[in-house]
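**Q** Take this structure first; my questions come after.
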Amino acid sequence: MNTGVLGVIFGNRDFFPDHLVGTARKEVKNVLDKLGLVYRMLEESDTKLGGVETFADAQKCANLFKAHREEIMGILVVLPNFGDERGMAETIRLSGLDVPVLVQAYPDDLDKLDVARRRDAWCGKISVCNNLYQYGIKYSLTDQHVIRPDDEGFAQELKDFAAVCRVVRGLKGMRIGAIGARPGGFNTVRYSEKILQRNGITVVTADLSEILGRANRIKDGDTKVKEHIEAITNYAKRGLTPEESLVQMAKLDIVLKEFVEEHALDATALQCWTSLQQNYGCNVCTSMSMMSENMLPSACEVDVTGTLTMYAMQLASGTPSALVDWNNNYADDPNKTVLFHCGNWAKAFLPEIEISNAPILGSSLGVENTWGALDGRTPASPLTYGRISTDDVQGKIKVYLGEGELTDDELNTFGNRAVAQIPDLQGLMQYVCRNGFEHHVVMNASKTGKILEEALGNYFSWEVYNHDNK
């Protein structure tokens, strides 16, 4: 899942061997091609072997990047030798690009430390980073200070860096639809729209009555209704869902999709508790699940920062996310917990999925008014969990995240459900409670904690707690 290209800069320095730049170009191209990453770099004829050494070289490379500014999602700095420390920073500054930067440097060979073959890139990388720091340019580092492009570890670093770029690019300019008022009993999902806007994230609001009114005006026999019923029943088993409830679900699905398209939304958060059931007569879980499965994450209870977290994790992994409750202990195991929600998780989490009702809501609102929830159990898989939250009191965005496992442990209940195993879960719950985080958390079937920490902490400067690094 690559949503852009990489700009590549090859550093050079006049008193180091030039031929190392030519070799590096071939090696870097090879690994980028194997990974399917598109790139833009100077041709060998544009400067000495296509490297950047002088200010004139920096101008040429910057102009190349400017010409592709709409597609470049990140910049890879390659140091075959010491490299000109100013050239890297000046290229990025002149390009005007505000994208993630990864700095790679070649190792030396002990038997090639003569004048004709020595690199000194170990030292050069420190100087390049010092200049980037002085210029106010944020950058990422490889795990090993120096590493060859043909090292398998570097290929993984590039894949992770591309994911960091996707997260940063995706969240800048993100548009979230907040449909309906926050349920009165859910102060926990309050957030600061102003803080989000300061960080480039726009919230588009709509009164739930507008959505329900549009849905009610659609005739039952409309062709679109039939098409959406077919899409819904192809997506999940119908179970015992009455025909009239399918019609209601289809109408709502039509309007929600139109709203998303009208406002160019990347994600939505809906008032699903309890106005929909009382004033319309069904749950919207199935439509939300379908949107999330189609990479348009949708969160319940108007949890705007919840759906923001879903989108960030989706960008990092390339797979759907789900909003869940930290819901129950799992017997006496201190490191296991039950994750639960009425039924709006993406199908990716629910291999055996069936449209059902919501027994908890139904106990007070009437089960007949809650059709549209999904029933299904999530099987064992990798887990990345986390939460982005606006802290209005301190005027900041804060994040916690970590990795664990979803298990196949026995779990006899209804709704969307999973069992998670997380190292030092009790310590995590202490952190969540002491720092005023919401009862909602987001899960993704991946191992992308490091990617999210780099993207959100380094490039957005949000306060990030990674439970795996405690």
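**Q** Right, Ala331: on the phi > 0 side of the Ramachandran plot, among the aliphatic types (A, V, I, L, M), open to solvent by 10 Å² or more (accessible area, probe 1.4 Å) and more than 21 Å from the chain's Cα centre (by Cα) or not? Quick ask: steps written out before the conclusion?
**A** Details: on the phi > 0 side of the Ramachandran plot: yes; among the aliphatic types (A, V, I, L, M): yes; open to solvent by 10 Å² or more (accessible area, probe 1.4 Å): yes; more than 21 Å from the chain's Cα centre (by Cα): yes.
Yes; evaluated as a whole, the condition is true for this residue.
**Q** Could I ask something else about it? Exactly one of these conditions fails for Asp253: (1) at pLDDT 95 or above; (2) open to solvent by 20 Å² or more (accessible area, probe 1.4 Å). Give me its number.
**A** (2)
**Q** With respect to Val464, is the statement that it is open to solvent by 30 Å² or more (accessible area, probe 1.4 Å), of a type in the set (Val, Ile, Thr), at negative phi and at pLDDT 95 or above true? Before you say what the answer is, go through the steps one by one.
**A** Values: open to solvent by 30 Å² or more (accessible area, probe 1.4 Å): yes; of a type in the set (Val, Ile, Thr): yes; at negative phi: yes; at pLDDT 95 or above: yes.
The answer is yes for Val464.
**Q** So which residues in segment 342-352 are crowded, with 20+ Cβ neighbours inside 10 Å and either modelled with pLDDT under 95 or among the aromatic types (Phe, Trp, Tyr) (or both), if there are any at all? Outline the logic, then answer.
**A** Here is the first cut: in segment 342-352, the ones crowded, with 20+ Cβ neighbours inside 10 Å are 342-346, 349-350.
Passing the criteria: Cys342, Gly343, Trp345, Phe349.
**Q** Residues of segment 215-226 being surrounded by fewer than 17 Cβ atoms within 10 Å (Cβ to Cβ) and within 25 Å of Met295 (Cα to Cα), which ones? So that I can check it myself, show each step before the final result.
**A** Restricting attention to segment 215-226, the residues satisfying the condition of being surrounded by fewer than 17 Cβ atoms within 10 Å (Cβ to Cβ) are 216-217, 219-224, 226.
Once the filter is applied, which keeps residues that are surrounded by fewer than 17 Cβ atoms within 10 Å (Cβ to Cβ) and within 25 Å of Met295 (Cα to Cα), segment 215-226 yields Lys224, Lys226.
**Q** Consider segment 26-46. How many of its residues are over 15 Å from Phe161 (Cα atoms), in contact (Cβ under 8 Å) with a residue 24 or more places away in the chain and either open to solvent by less than 10 Å² (accessible area, probe 1.4 Å) or part of a loop (DSSP other than H, G, I, E, B) (or both)? So that I can check it myself, show each step before the final result.
**A** First, the residues of segment 26-46 that are over 15 Å from Phe161 (Cα atoms): 26-27, 29-30, 33-34, 40-46.
When the remaining residues are screened for being in contact (Cβ under 8 Å) with a residue 24 or more places away in the chain, the result is 27, 30, 34, 40-42.
When the remaining residues are screened for being either open to solvent by less than 10 Å² (accessible area, probe 1.4 Å) or part of a loop (DSSP other than H, G, I, E, B) (or both), the result is 41-42.
Residues flagged as over 15 Å from Phe161 (Cα atoms), in contact (Cβ under 8 Å) with a residue 24 or more places away in the chain and either open to solvent by less than 10 Å² (accessible area, probe 1.4 Å) or part of a loop (DSSP other than H, G, I, E, B) (or both) within segment 26-46 amount to 2.
**Q** Filter segment 398-408 down to the residues that are open to solvent by 10 Å² or more (accessible area, probe 1.4 Å) and not charged (D, E, K, R) and list them by number.
**A** Within segment 398-408, the first condition is being open to solvent by 10 Å² or more (accessible area, probe 1.4 Å), and the residues that meet it are 398, 403, 405, 407-408.
Scanning segment 398-408 gives a single hit, Thr407.
**Q** Can I ask one more? Could you list, in sequence order, all residues of segment 285-318 that are under 25 Å from Lys398 (Cβ atoms) and of a type outside the set (A, V, I, L, M, F, W, C)?
**A** Residues of segment 285-318 under 25 Å from Lys398 (Cβ atoms): 292, 297-317.
Across segment 285-318, the qualifying residues are Ser292, Pro297, Ser298, Glu301, Asp303, Thr305, Gly306, Thr307, Thr309, Tyr311, Gln314, Ser317.
**Q** Going through segment 151-163 one residue at a time, which ones are open to solvent by less than 10 Å² (accessible area, probe 1.4 Å) and either under 16 Å from Tyr39 (Cα atoms) or touching a Phe, Trp or Tyr at 6+ places or on another chain (Cβ under 8 Å) (or both)? Quick ask: steps written out before the conclusion?
**A** Just the residues of segment 151-163 that are open to solvent by less than 10 Å² (accessible area, probe 1.4 Å), to begin with: 154, 158, 161-163.
Of everything in segment 151-163, those that are open to solvent by less than 10 Å² (accessible area, probe 1.4 Å) and either under 16 Å from Tyr39 (Cα atoms) or touching a Phe, Trp or Tyr at 6+ places or on another chain (Cβ under 8 Å) (or both) turn out to be Leu158, Phe161, Ala162, Ala163.
**Q** Can you pull out every residue in segment 377-398 that is of a type in the set (A, V, I, L, M) and under 23 Å from the mean Cα position of the chain (by Cα)?
**A** So in segment 377-398, the residues of a type in the set (A, V, I, L, M) come out as 380, 383, 388, 393, 397.
Once the filter is applied, which keeps residues that are of a type in the set (A, V, I, L, M) and under 23 Å from the mean Cα position of the chain (by Cα), segment 377-398 yields Ala380, Leu383, Ile388, Ile397.
**Q** Does Leu383 meet the test of being among the aliphatic types (A, V, I, L, M), in contact with an Asp or Glu (Cβ under 6 Å, 6 or more places away or on another chain) and under 21 Å from Ser446 (Cα atoms)?
**A** So Leu383 fits the description; yes.
**Q** Do we have Asn294 as of a type in the set (S, T, N, Q) and over 18 Å from the mean Cα position of the chain (by Cα) here?
**A** Details: of a type in the set (S, T, N, Q): yes; over 18 Å from the mean Cα position of the chain (by Cα): no.
So Asn294 fails the test.
**Q** For the list (1) open to solvent by 10 Å² or more (accessible area, probe 1.4 Å); (2) closer than 24 Å to Gly74 by Cα, I need the number of the one condition that Leu456 fails.
**A** Going through the list (1) open to solvent by 10 Å² or more (accessible area, probe 1.4 Å); (2) closer than 24 Å to Gly74 by Cα, Leu456 breaks only (1).
This table checks each residue for (1) under 14 Å from Ser289 (Cα atoms); (2) among the basic types (Lys, Arg); (3) under 24 Å from the mean Cα position of the chain (by Cα); (4) surrounded by fewer than 20 Cβ atoms within 10 Å (Cβ to Cβ).
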site: Gly366; (1), (2), (3), (4): no, no, no, yes
site: Asp375; (1), (2), (3), (4): yes, no, no, no
site: Val419; (1), (2), (3), (4): no, no, yes, no
site: Val432; (1), (2), (3), (4): no, no, yes, yes
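**Q** Answer yes or no as to whether Asp143 is over 29 Å from Asp14 (Cβ atoms) and either touching a helix residue (DSSP H, G or I) at 6+ places or on another chain (Cβ under 7 Å) or in contact (Cβ under 8 Å) with a residue 12 or more places away in the chain (or both).
**A** Numbers: over 29 Å from Asp14 (Cβ atoms): yes; either touching a helix residue (DSSP H, G or I) at 6+ places or on another chain (Cβ under 7 Å) or in contact (Cβ under 8 Å) with a residue 12 or more places away in the chain (or both): yes.
Yes; evaluated as a whole, the condition is true for this residue.
**Q** Further, regarding this structure: What is the number of the single condition among (1) under 28 Å from Tyr235 (Cβ atoms); (2) at pLDDT 95 or above; (3) of a type outside the set (Phe, Trp, Tyr) that Leu361 does not meet?
**A** (2)
**Q** Further question: Determine which member of the set Arg148, Arg169 is open to solvent by 10 Å² or more (accessible area, probe 1.4 Å), touching a Pro at 6+ places or on another chain (Cβ under 9 Å) and part of a helix (DSSP H, G or I).
**A** Working: Arg148 fails: part of a helix (DSSP H, G or I).
Only one candidate qualifies: Arg169.
**Q** Something else about it: Residues in segment 261-290 that are open to solvent by less than 20 Å² (accessible area, probe 1.4 Å), of a type in the set (Gly, Ala, Ser) and farther than 17 Å from Arg214 by Cα: how many?
**A** Residues flagged as open to solvent by less than 20 Å² (accessible area, probe 1.4 Å), of a type in the set (Gly, Ala, Ser) and farther than 17 Å from Arg214 by Cα within segment 261-290 amount to 3.
**Q** Further, regarding this structure: Assess whether Leu383 counts as being out of contact with any strand residue (DSSP E or B) (no Cβ under 6 Å at 6 or more places or on another chain) and surrounded by 16 or more Cβ atoms within 10 Å (Cβ to Cβ). Walk me through how you get there before you give the answer.
**A** On the way: out of contact with any strand residue (DSSP E or B) (no Cβ under 6 Å at 6 or more places or on another chain): no; surrounded by 16 or more Cβ atoms within 10 Å (Cβ to Cβ): yes.
No.
**Q** Residues Thr142, Thr188, Thr202: which one is hydroxyl-bearing (Ser, Thr, Tyr) and under 17 Å from the mean Cα position of the chain (by Cα)? Walk me through how you get there before you give the answer.
**A** Working: Thr142 fails: under 17 Å from the mean Cα position of the chain (by Cα); Thr188 fails: under 17 Å from the mean Cα position of the chain (by Cα).
Matching residue, one of Thr142, Thr188, Thr202: Thr202.
**Q** Related question: In segment 96-116, how many residues are surrounded by fewer than 24 Cβ atoms within 10 Å (Cβ to Cβ), of a type in the set (Gly, Ala, Ser) and within 30 Å of the chain's Cα centre (by Cα)?
**A** So the count comes out to 1.
**Q** Of all residues being free of Cβ contacts under 8 Å to residues at least 60 places away in the same chain and either closer than 16 Å to Asp325 by Cα or assigned to a strand (DSSP E or B) (or both) in segment 434-443, which is most open to solvent (accessible area, probe 1.4 Å)? Just the residue, please.
**A** Initial filter on segment 434-443 (free of Cβ contacts under 8 Å to residues at least 60 places away in the same chain): 434-437.
Now drop any that are not either closer than 16 Å to Asp325 by Cα or assigned to a strand (DSSP E or B) (or both), which leaves 436-437.
Numbers: Gly436: 56, Phe437: 24 Å².
Looking at the filtered set, the residue picked out is Gly436.
**Q** Sticking with this one: How about segment 191-221: which of its residues are in a loop (DSSP other than H, G, I, E, B) and without any contact (Cβ under 8 Å) to a residue 12 or more places away in the chain? Don't jump to the end; show me each part of the working.
**A** Step one: filter segment 191-221 for residues in a loop (DSSP other than H, G, I, E, B), giving 191-192, 199-201, 207, 217-221.
Listed by number, the residues that qualify are Arg217, Lys219, Gly221.
The values are calculated or read from the model by the stated rules, or taken from the named source; none is laboratory data. Being a predicted model, the structure only gives us computed values, none of them experimental. Neighbour counts run over all protein chains shown; Cβ positions are idealised from the backbone, glycine included. Surface areas here come from the heavy atoms of the whole protein model, side chains and all, with no ligands, DNA or RNA. Shrake-Rupley method; radii C 1.70, N 1.55, O 1.52, S 1.80 Å.
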